[in-house]
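**Student:** Attaching a single structure in structure tokens format; questions to follow.
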Amino acid sequence: MHIQIVAVGKLKEKYLVQGIAEYAKRIGPYAKLDIVEVPDEQAPETMSAAEEERVKAKEGERILSKIKPDSHVVAMAIDGQMWTSDQLSDHLNKLATYGQSNVTFIIGGSNGLSEEVLRRADTKLSFGRITYPHQLIRLVLVEQVYRAFKIMRGEPYHR
């Protein structure tokens, strides 16, 4: 299976980079993992609704350019479905079983995802109704993908 994570913005925090690198290494025996960063659109601190939509649209174009046509797309969105780790594992397992070996997870910027990106998504997933920094979601997502593979294989995972 090939897992791709397309995320807006450059990750700078050393502790997040190290955590993601650790889980990426752990995923290695189960799947190929690629993390693709697309630049965030420069924007003022306070924006009108129209300016916010423009920023999301620009970031959305960058995101969409990185998605393979045959990829199953999971958009991380606060209004998405909330799954348990077992449900995420089951979802990935079913995709692999039925020949969908390319999965792309999308993490938007601080303003969220454009409508175009959300329309391209096959699934919208949420890690809860609270707002997380989009940089932190990368770490949580990579950990959950690793956990999903461990669950899939019936292997123990430190709790």
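The values are calculated or read from the model by the stated rules, or taken from the named source; none is laboratory data. No experiment lies behind these values; they were computed from the predicted model shown. Cβ coordinates were reconstructed from backbone atoms using ideal geometry, including for glycine residues, and neighbour counts include every protein chain displayed. With ligands, DNA and RNA removed, areas are computed over all heavy atoms of the protein, side chains included. Shrake-Rupley method; radii C 1.70, N 1.55, O 1.52, S 1.80 Å.
**Student:** For the stretch 61-159, report the % of Cα-Cα distances exceeding 16 Å.
**Tutor:** When every Cα pair of the stretch 61-159 is considered, 57 percent fall beyond 16 Å.
**Student:** Principal axes first, then extents: for the Cα atoms of the stretch 1-148, list largest minus smallest coordinate on each axis, whole Å, largest first.
**Tutor:** Taking max minus min along each principal axis of the Cα atoms, the stretch 1-148 gives 44, 33, 27 Å.
**Student:** Here's a follow-up. Rounded to a whole number, what % of the accessible area of the chain do carbon and sulfur atoms account for, probe 1.4 Å?
**Tutor:** 51
**Student:** Mind putting a number on the dipole of the chain about its Cα centre? Charges go on the C-beta only, +1 for Lys and Arg and -1 for Asp and Glu, and I need it in Debye to the nearest 20.
**Tutor:** Dipole of the chain, to the nearest 20 debye: 620 debye.
**Student:** Follow-up question, since we're still on this one. Return a whole-number percent for the relative contact order of the stretch 48-159, with Cα pairs under 8 Å and 6 or more residues apart as the contact set.
**Tutor:** Over the stretch 48-159, the number comes to 39 percent.
**Student:** Continuing with this model, one more query. To the nearest 0.05, what FRET efficiency results for Lys94 and Arg54 with a Förster distance of 30 Å applied to their C-beta separation?
**Tutor:** It comes out at approximately 0.20.
**Student:** Assigning unit charges at the beta carbon (Lys, Arg +1; Asp, Glu -1) and nothing else, what dipole magnitude in debye, to the nearest 20, does the stretch 1-84 show about its Cα centre?
**Tutor:** Using only the charged Cβ atoms, the result is roughly 500 debye.
**Student:** Right, another one. How much of Thr84 can a 1.4 Å solvent probe reach, expressed as accessible area in Å² and rounded to 10?
**Tutor:** Using a 1.4 Å probe on the heavy atoms, I get roughly 80 Å².
**Student:** Can you tell which of Ile130, Leu95, Val8 lies farthest toward the positive end of the dipole of the chain, using +1 and -1 charges on the Cβ of basic and acidic side chains (Lys, Arg; Asp, Glu)?
**Tutor:** Checked the options; the winner is Leu95.
**Student:** Here is a further query. How far apart, in nm, are the 7 Å Cα→Cβ label points at Gln42 and Thr123?
**Tutor:** A separation of 3.8 nm, rounded to one decimal place.
**Student:** Taking 0.36 nm per intervening residue step and subtracting the Cα-Cα distance, what contour gain separates Asp79 from Val17 on full extension?
**Tutor:** Extending this stretch completely gives an extra 19.7 nm.
**Student:** For Glu116, project a label point 7 Å along Cα to C-beta. Then give me every residue of the stretch 23-65 with its amide nitrogen under 17 Å of that point.
**Tutor:** Zone members listed by number: 38-42, 50-65.
**Student:** Under 19 Å Cα-Cα from Lys68, which lysines qualify once same-chain neighbours fewer than 8 residues away are excluded?
**Tutor:** Excluding near neighbours in sequence, the set is Lys32, Lys58, Lys124.
**Student:** Could you report the accessible area of Met47 in Å², rounded to 10, computed with a 1.4 Å probe on the protein chains as they sit in the structure?
**Tutor:** 50
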